[in-house]
Amino acid sequence: MKITSYQDCPAQQFDSETVKGVTGRVVIGKEDSAEHFCMRVFTVAPGGFTPRHAHPWEHEIFVHSGKGKVYQNGDLREVTSGTVLFVPSNEEHQFMNGGGEDFVFICLIPSGVAEL
């Protein structure tokens, strides 16, 4: 069993033309012998965003804190702490910070794909 704070897990920073102000952490993954899923925690700084993308696996997401905007089918939807999202496979999506504080969300993906 693994019990730890997500903030104690190694962080990877992402900043480019397509992603800005994003920190990703694999909090449960292949190094923990998780056979079916990978749990990641993303922090999006104010003004930050993830890349707009799609892929053949689904996401299950829980918004931990802050305010965000999610791109869905050409629209931006507002999300806040406590919101849950299901992103089906091959659906284009993007996450953006929608406020003045960090936007933090938990994201599950299937094992076998790139963890970050």
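The values are calculated or read from the model by the stated rules, or taken from the named source; none is laboratory data. Just so you know, these numbers come straight off a predicted model, no measurement behind them. Cβ coordinates were reconstructed from backbone atoms using ideal geometry, including for glycine residues, and neighbour counts include every protein chain displayed. All accessible areas refer to the heavy atoms of the entire protein, side chains included, with ligands and DNA or RNA removed. Shrake-Rupley method; radii C 1.70, N 1.55, O 1.52, S 1.80 Å.
Here are a few things to note about the model shown:
- Distribution of pairwise C-alpha distances over segment 11-70, 10 Å bins, in %: 19, 49, 30, 3
- Whole-Å distance, taken between Cα centres, linking segment 34-68 and segment 100-116: 3 Å
- Cα-only Debye scattering, segment 50-116: base-10 log of I(q)/I(0) at q = 0.21, 0.25 Å⁻¹: -0.88, -1.19
- Within the listed set VAL26, VAL84, VAL44, the residue fluctuating most in the Gaussian network model of the chain (springs between alpha-carbon atoms under 10 angstrom) is VAL84.
- Subtracting the Cα-Cα distance of GLU58 and SER16 from 0.36 nm times their residue separation leaves 12.7 nm of extension gain.
- Computed 3J(HN,Hα) for segment 88-96, one whole-Hz value per residue from the Karplus formula 6.51 cos²θ - 1.76 cosθ + 1.60 where θ = phi - 60°, is x, 4, 6, 8, 5, 8, 7, 10, 9, glycine and proline marked x.
- Springs between Cα atoms under 10 Å define the GNM used for the chain, and in it the highest mean-square fluctuation of GLY74, GLY98, GLY21 occurs at GLY74.
- Solvent-accessible area, 1.4 Å probe, carbon plus sulfur percent, for the chain: 51 percent
- Three semi-axes of the equivalent ellipsoid, the chain, Cα gyration tensor, whole Å, largest first: 21, 17, 13
- Cut-off of 10 Å, at most 13 other beta carbons, DSSP loop: longest stretch of the chain lacking such trypsin sites (Lys or Arg not before Pro): 53-116
- Annotation: amide H-H contacts under 5 Å for HIS55 (H modelled 1.01 Å from N, sequence separation of 5 or more, or interchain): ASN90, GLU91.
- Of all the options GLY29, GLY100, GLY47, the one that moves most in a Gaussian network model of the chain with Cα springs shorter than 10 angstrom is GLY100.
- Average accessible area per residue (Å²) across segment 1-107 - probe 1.4 Å, nucleic acids and ligands excluded: 60 Å²
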